[in-house]
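Nothing in this text is a laboratory measurement; each read-out follows from the coordinates by a stated rule. Keep in mind that this is a model prediction, so the values were computed, not measured. Note that each Cβ is placed from the backbone with ideal geometry, even for glycine, and that neighbours are counted across all protein chains shown.
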Amino acid sequence: MNEITLNLPADLANHLALMAQRTGRDESTLALESLRIYLEREQEQVAELQRAVEEADAGDFASDEEVQALLGNASWHQAAIAEGLADIDAGRHTNLETIKAYWDKRSKPL
């Protein structure tokens with residue numbers, strides 16, 4: 001195993017010492033585990049970013065129609081929620097079964 005020396009800020013050194021005391025493990029082991037977890041997570045993120053860059057370089061983007069369909073679907077749900085809340089506030093729907101039946105009917109294609 002290679003040895004390195006780190007100069008830790010006081011707050012981090014204190015936190016490490018406290019965790020070592022609470023877990024019964026030594027500071028070196030905790031630091032090694034923390035570094036391993038951090039590097040693995042960073043490696044996954046870098047790999048994901050690299051895949052995204054490769055897809056972009058290959059022109060693999062969502063089409064305007066795909067984006068609009070996704071946004072349109074989200075905006076429909078937002079409008080439905082807002083309308084449903086307004087109906088409840090106006091007293092048009094007073095129980096859950098009525099609300100569910102109303103929106104089930106509204107969601108069916110014409």
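How charged is the neighbourhood of ALA17? Take every other residue with its Cβ under 13 Å from the Cβ of ALA17, and add Lys/Arg as +1 and Asp/Glu as -1.
Computed value for this residue: -1.
According to a simple spin-label model (label point 7 Å from Cα along Cα-to-Cβ), what is the distance in nm between ILE81 and THR98?
Going by the 7 Å Cα→Cβ label model, 2.3 nm.
Looking at the square roots a ≥ b ≥ c of the eigenvalues of the Cα gyration tensor of the chain, which shape do they give, rounded for a/c under 1.5, prolate if a/b is larger than b/c, or oblate?
oblate
Tell me, in nm to one decimal, what length is gained between ALA90 and VAL67 on full extension, where the rule is 0.36 nm per residue of separation less the Cα-Cα distance? All intermediate terms of the calculation are to be shown ahead of the outcome.
Working: separation 23, 0.36 × 23 = 8.28 nm, distance 3.44 nm.
Separation in residues times 0.36 nm, less the Cα-Cα distance, equals 4.8 nm.
For ILE37 and ALA10, what is the calculated FRET efficiency with R₀ set at 22 Å and r taken between the beta-carbons, to the nearest 0.05?
Using R0 = 22 Å, I get an efficiency of 0.45.
Sort LYS100, LYS105 so that the residue with the fewest other Cβ atoms within 10 Å of its own Cβ comes first and the one with the most comes last.
Result, fewest neighbours first: LYS105, LYS100.
Once the piece of chain linking ALA17 and GLU54 is laid out straight, how much longer is it, given 0.36 nm per residue of separation minus the C-alpha distance between them?
Gain on stretching ALA17 to GLU54: 9.0 nm.
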